[in-house]
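**Student:** Structure provided below as structure tokens; questions to follow.
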Amino acid sequence: MPIARALIRTALAEIGEAPGGTNGFTAELLTAELVANAVEHTSGDAPLALVIELLPGPGGYQVEVHDHDPAPPEVLTRTAPPAEPDPWQEHGRGLLLIRALSSACGHRATAHGKAVWFTLPALPRQRGPQEP
């Protein structure tokens, strides 16, 4: 997942998001979780696609991971709150983190499978001690 984290970090720097800020760390974590889920739950050698889209106005941005498996992610499709994960299990918290930390999340069908996404609001850039 280091490549996914580096890609989201670079994309956020391009749109003016403060590097190392809370939103940047959250975006990196959630992007890594989406990519890890896609790698773990899809089969074959089909490539994944990472899409970062600016939302209109001060809407923030949306991050999507596209894969070739049409099956929706179970945790994002539930309307009831998810059950507590087993504290001894090493997996099963990624999509819960996405639901908890993003402003919105979901999935949609694509022509070749699905896209799983989350959105984060744009945060104003904080001034450093030397900036006017």
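**Student:** So how many residues does region 31-58 have that are open to solvent by 90 Å² or more (accessible area, probe 1.4 Å) and either at pLDDT below 85 or of a type in the set (Ser, Thr, Tyr) (or both)?
**Tutor:** Adding up the residues that qualify gives 6.
**Student:** Within region 50-74, which residues are under 14 Å from the mean Cα position of the chain (by Cα) and either part of a loop (DSSP other than H, G, I, E, B) or touching a residue at least 40 places away in the same chain (Cβ under 8 Å) (or both)?
**Tutor:** Matches in region 50-74: Leu50, Val51, Ile52, Gly60, Tyr61, Gln62, Val63, Glu64, Val65, His66, Asp67, Pro73.
**Student:** Select from region 13-30 the residues that are under 13 Å from the mean Cα position of the chain (by Cα) and more than 18 Å from Glu74 (Cα to Cα) and write down the one among them that is surrounded by the fewest Cβ atoms within 10 Å (Cβ to Cβ).
**Tutor:** Phe25
**Student:** Taking Leu120, is it farther than 13 Å from Glu64 by Cα and either open to solvent by 60 Å² or more (accessible area, probe 1.4 Å) or modelled with pLDDT of 80 or more (or both)?
**Tutor:** no
The values are calculated or read from the model by the stated rules, or taken from the named source; none is laboratory data. This one's a predicted model, so the numbers in the text were calculated from it and none came from an experiment. Backbone-built Cβ (ideal geometry, glycine too); neighbour counts: all protein chains shown. Note: areas computed on protein heavy atoms with side chains; ligands, DNA, RNA excluded. Shrake-Rupley method; radii C 1.70, N 1.55, O 1.52, S 1.80 Å.
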